[in-house]
Amino acid sequence: SRPVRISVHLHPYGDGRKLLLSRDVTALEQAEAMRRDFVANVSHEIRTPLTVLTGFVETLQTLHLSTDERARYLGMMAQQAARMQSVVQDLLTLSRLEGSPLPGMTDWVPARLLVQRCEEEGRALSGVLTQQHARKHVLSFEAEGLDGVELAGAMSELQSAFSNLISNAVRYTPAGGEITVRWRRNPQGDVVFSVADTGPGIAAEHIPRLTERFYRVDRSRSRETGGTGLGLAIVKHVLQRHGASLQIVSTVGVGSTFTVVFPVTRLRFARKSDAIAVA
Ligand code: ADP
């Protein structure tokens, strides 16, 4: 909703006449504003935990604390350091995604393997959160129609995208909530992956902005569960690179469903005869 910006330049001729040159610099200025916002966001995300960390260091240096208190402070310091580490890690992932060539049609990821890895990661994360915050969830995984299906793309990228969506559902859904992860094929043959949760839901006005870097609906809730605000930006990038799409449907107070459609044009099918030959 920025106004259009035109840059105007008067080019003088020797005979006294002037040529008016104008150029639309709206896009250029927008890109520059985005870059500035991004740098400001990154600085803020790093500076906040750094300030807290420095405060703890000063406390340890100046106060004579009991062994127990020292241990508690060190624990909190480790948490802040871990937070900075996740932000830096996610930023590196994003910049690597932007800089590397698109995954071609030569690397094939067996769908079954992807499902298995996502399930392992989802269950492990849910286990950790159960221990830390007593957040027990009902987590279920369903997969059908994936026998012999292979996806063109990079295993590590796809796993990180799907795991991010599962991890969000686990992190934002309160104890006792249900998370259903489904893999299926639609009538066109595309692979459809969905994560449905019974979490807090997301108001409609936030949905279009969720994949922006550092955009969060609720900052404190995101931080509390170790969020960096970069997860969905990474998901969007990975899916774009693989020609896949993301759809978000959510109702406040009811829950959210994140759906990925991975197009049939980027699938291949292991032939039955191959399977027999191997067996
Ligand atoms: P974060 O690290 O904060 O989770 P993401 O980019 O993964 O960052 O998500 C952006 C924001 O979208 C989150 O801060 C949260 O407000 C919202 N969000 C994402 N997934 C869910 C979900 N399953 N339920 C409710 N809110 C969600």
Beyond 21 Å, what percent of the Cα pairs of region 129-279 remain? 48
If amide H atoms are modeled at 1.01 Å from N in the peptide plane, then the residues at a separation of 5 or more from Arg185, or on another chain, having amide H under 5 Å from its own are Val192
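Kirkwood hydrodynamic radius of region 72-185 from all distinct Cα pairs, in Å?
Final number for the Kirkwood radius of region 72-185 is 16.2 Å.
Of the listed peptides 48-60, 166-178, 32-44, what is their order by residue-averaged count of other C-beta atoms within 10 Å, with the highest listed first?
Values: 48-60: 14.5, 166-178: 19.7, 32-44: 12.0.
So the peptides 48-60, 166-178, 32-44, ranked by packing, come out 166-178, 48-60, 32-44.
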What is the percent of Cα-Cα separations in region 202-251 that go past 17 Å? 39
Neighbourhood charge, 13 Å Cβ-Cβ cut-off, centred on Leu97 and excluding it, Lys, Arg +1 and Asp, Glu -1: +1
Would you look at the GNM of the chain, springs on alpha carbons closer than 10 Å, and say which of Gln85, Gln30, Gln159 moves the most? Gln30
Suppose R0 equals 35 Å; then what is the FRET efficiency for His133 and Arg96 from their Cβ-Cβ distance, rounded to the nearest 0.05? 0.65
Once Leu20, Leu63 are ranked on solvent-accessible area with the largest value leading and a 1.4 Å probe, the list reads Leu20, Leu63
What nm distance separates the two modelled labels at Thr51 and Val264, each placed 7 Å from Cα along Cα→Cβ? 5.5
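Please compute the length gained on full extension between Gln247 and Leu21, using 0.36 nm multiplied by the number of residues separating them and subtracting their Cα-Cα distance.
So the extension gain works out to 77.0 nm.
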Share of alpha-carbon pairs per 10 Å distance bin for region 4-136, given as whole %: 9, 16, 22, 21, 14, 9, 5, 3, 0
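Taking the highest mean first, how do the peptides 200-208, 112-120 order by number of other beta carbon atoms within 10 angstrom per residue?
Answer by packing, highest mean first, reads 112-120, 200-208.
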Size of the chain along its principal axes in angstrom, Cα-based, largest extent first? 86, 70, 39
Here FRET efficiency (C-beta to C-beta, Leu65 to Thr225, R₀ 22 Å, nearest 0.05) is 0.15
Region 134-189: D in µm²/s via Stokes-Einstein (Kirkwood Rh, Cα pairs, 4 °C, 1.567 mPa s)? 99
Among beta bridges assigned by DSSP with both residues in the chain, the antiparallel ones amount in percent, to the nearest 5, to 85
For region 172-230, list log₁₀ I(q)/I(0) at each q in 0.12, 0.20, 0.25 Å⁻¹, using the Debye formula over Cα point scatterers of equal strength and ignoring solvent, two decimals each. -0.41, -0.94, -1.11
Considering only C-alpha atoms, what is the centroid distance from region 65-85 to region 200-255, in Å? 30
From the backbone phi of region 205-219, what are the Karplus-calculated ³J(HN,Hα) couplings (6.51 cos²θ - 1.76 cosθ + 1.60, θ = phi - 60°) in whole Hz, Gly and Pro given as x? 5, 7, 3, x, 9, 4, 8, 6, 4, 6, 7, 9, 6, 9, 4
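The values are calculated or read from the model by the stated rules, or taken from the named source; none is laboratory data. Just so you know, these numbers come straight off a predicted model, no measurement behind them. As a convention, Cβ positions derive from the backbone with ideal geometry for all residues, glycine included, and neighbour counts pool all protein chains shown. Surface areas here come from the heavy atoms of the whole protein model, side chains and all, with no ligands, DNA or RNA. Shrake-Rupley method; radii C 1.70, N 1.55, O 1.52, S 1.80 Å.
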